[in-house]
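Encoded as structure tokens, the structure appears first; notes follow it.
The values are calculated or read from the model by the stated rules, or taken from the named source; none is laboratory data. Computed from a predicted structure; not experimentally measured. Because the Cβ atoms are built from the backbone with ideal geometry, glycine has one as well, and the counts that use them run over all protein chains shown.
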Amino acid sequence: MTSAEFRALAEFRYRIRLFMNGSEEAARKAGLEPQQYLLLLALRGLPLGREASIREVAERMQLRHHSVVELADRLERRSLLRRERSREDRRQVILHLAPRGEKILTRLVKQRIAELRTAAPTLVRALTAVIRSTQATKSRNARPS
């Protein structure tokens, strides 16, 4: 690994963290914990055809099942989401965004997309630097001695 690769990856991670920290701060200002915001986003942003089961949301958030259950409990108490049993498998719980949750999430997502439009060029440059640095190392290592 070269120093350039380390620097490029560190810069890319820094740029992502700046964006993520902004998201966390925006969530707090809206009265949500960052993980609650991420659960609402994961729920609303599921790929077409995916059912919003606890298991699916846990996978999308890369959290354990019980962590998502606890987050859902808190959000349900605040009337930001609701649960229902799956019609196909009564053992599964399906999460639904409540109108109040939709309203808060929409406001946050609009803010974050506006911020991303501003941050995108820097993020793209940082990612491009990572890719270029690793490609340069690959080509140097692929040359016959």
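Listing for the model above:
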{"item": "Lone qualifier among ILE104, ILE16, ILE94 - being surrounded by 12 or more Cβ atoms within 10 Å (Cβ to Cβ), touching a helix residue (DSSP H, G or I) at 6+ places or on another chain (Cβ under 9 Å) and outside any helix (DSSP H, G or I)", "result": "ILE94"}
{"item": "Subset of the range 64-82 that is of a type in the set (A, V, I, L, M, F, W, C) and under 17 Å from GLN92 (Cα atoms) - its residue that is surrounded by the fewest Cβ atoms within 10 Å (Cβ to Cβ)", "result": "VAL69"}
{"item": "Hey, ARG28 basic (Lys, Arg), under 27 Å from ALA114 (Cα atoms) and surrounded by 14 or more Cβ atoms within 10 Å (Cβ to Cβ) or not", "result": "no"}
{"item": "Which numbered condition GLU59 fails, given (1) modelled with pLDDT under 95; (2) surrounded by 13 or more Cβ atoms within 10 Å (Cβ to Cβ)", "result": "(1)"}
{"item": "Close pairs from the range 71-99: first among the acidic types (Asp, Glu), partner surrounded by 15 or more Cβ atoms within 10 Å (Cβ to Cβ), Cβ under 6 Å, at least 6 apart", "result": "GLU84/ILE94"}
{"item": "Selection from the range 50-70 of residues that are in contact (Cβ under 8 Å) with a residue 40 or more places away in the chain and either closer than 17 Å to PRO99 by Cα or part of a helix (DSSP H, G or I) (or both)", "result": "ALA52, ILE54"}
{"item": "Residues satisfying the stated conditions in the range 107-120, i.e. loosely packed, with under 12 Cβ neighbours inside 10 Å, among the aliphatic types (A, V, I, L, M) and within 17 Å of LEU38 (Cβ to Cβ)", "result": "ILE113"}
{"item": "From SER79, SER67, residue being hydroxyl-bearing (Ser, Thr, Tyr), at pLDDT 95 or above and in contact with a Lys or Arg (Cβ under 7 Å, 6 or more places away or on another chain)", "result": "SER79"}
{"item": "Residue list for the range 25-49, restricted to those being in a helix (DSSP H, G or I) and either in contact with a Leu (Cβ under 8 Å, 6 or more places away or on another chain) or in contact (Cβ under 8 Å) with a residue 40 or more places away in the chain (or both)", "result": "ALA26, ALA27, GLN35, GLN36, TYR37, LEU39, LEU40, LEU41, LEU43, ARG44"}
{"item": "Any hit, the range 79-90, residues being part of a loop (DSSP other than H, G, I, E, B) and within 21 Å of GLY31 (Cα to Cα)", "result": "yes"}
